[in-house]
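What follows is a short report on a single structure.
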Amino acid sequence: MDQSAFKIYSLDVGLLGAMSKLDSSLVLEANTLFVEFKGALTENFVAQELRQQHFDSLYYWTSSGEAEVDFIVTAQQKIYPLEVKSGSDKQKKSLLVYSNKYSGKEYQSTELSRATLRNFAHDGKIVNYPLYAICLFPQFSNVTR
């Protein structure tokens, strides 16, 4: 844990949207400016949901600018990585870099998780959680097989 590297999240994604002072037409018309901001809104939404599920310590992982996993949480004496995507993208580069570095560690979950607009899916060792059901993370990962 590096105390000098951190991310800040708003208590509420609605308040974050209001603080951004983006005109609502940018959101409704999928303006290019909003496309850049929706990743931050989505990540904030997931942070808000994880805190609601009593994950009091949220961490992220980065690998020298090569990859970044948005959330690292502990549950059932295991470490679970979670990548957040604001669309239905199946990109998994960051999760694979993370997995290559930590696979085989006894404390590391064998599951890699991604939250997207897609429905539940199990793609090899990657479990996709739809954003609307992120409250089921990580306990749903073993059920989807």
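Values quoted throughout were computed directly from the atomic coordinates according to the rules given, and no laboratory measurement underlies them. All figures in this text were calculated on a predicted structure; none of them were measured in a lab. Neighbour counts run over all protein chains shown; Cβ positions are idealised from the backbone, glycine included.
Farthest towards the positive end of the charge dipole of the chain, among the residues LEU28, SER86, LEU96, is the Cα of LEU96, using unit charges on the Cβ of Lys, Arg, Asp and Glu. Amide H contacts under 5 Å for TYR129: ARG114, ALA115, THR116, restricted to partners 5 or more places along the chain or on a different chain, H placed in the peptide plane at 1.01 Å from N. Measuring against 24 Å, Cα to Cα, the residue pairs LYS21/LYS90; LYS38/LYS90; LYS7/LYS85; LYS38/LYS93; LYS7/LYS105; LYS38/LYS101 contain LYS21/LYS90; LYS7/LYS105; LYS38/LYS101 as the ones spanning a longer distance.
In a DSSP loop and with at most 12 other Cβ atoms within 10 Å, the GluC sites (Glu not before Pro) in region 44-86 are GLU66. Couplings for region 129-136, taken from phi via the Karplus curve 6.51 cos²θ - 1.76 cosθ + 1.60 with θ = phi - 60°, read 9, x, 4, 5, 10, 5, 5, 8 Hz in order; Gly and Pro are left as x.
Residues whose amide H falls under 5 Å from that of ILE79, counting only those 5 or more places apart or on a different chain, are GLN108, SER109, with hydrogens built in the peptide plane. Please identify every one of the trypsin sites (Lys or Arg not before Pro) in region 1-82 that sits in a loop by DSSP and has no more than 15 other beta carbons within 10 Å of its own beta carbon. Sparse-neighbourhood loop trypsin sites (Lys or Arg not before Pro): LYS7, LYS21. Rounded to the nearest 20, the Cβ-based charge dipole of region 20-145 about its Cα centre (Lys and Arg +1, Asp and Glu -1) stands at 380 debye.
Amide hydrogen proximity for TYR60: with H placed 1.01 Å from N in the peptide plane, the residues at 5 or more positions away or on another chain lying under 5 Å are ILE72.
The phi torsions of region 13-18, fed into the Karplus equation with coefficients 6.51, -1.76 and 1.60 and a -60° offset, translate into couplings of 5, x, 5, 4, x, 5 Hz, rounded to whole numbers, with Gly and Pro shown as x. The calculated 222 nm mean residue ellipticity attributable to helices in the chain amounts to -9000 deg cm²/dmol, summing -39500 (n - 2.57) over DSSP H runs of n ≥ 4 and dividing by all residues.
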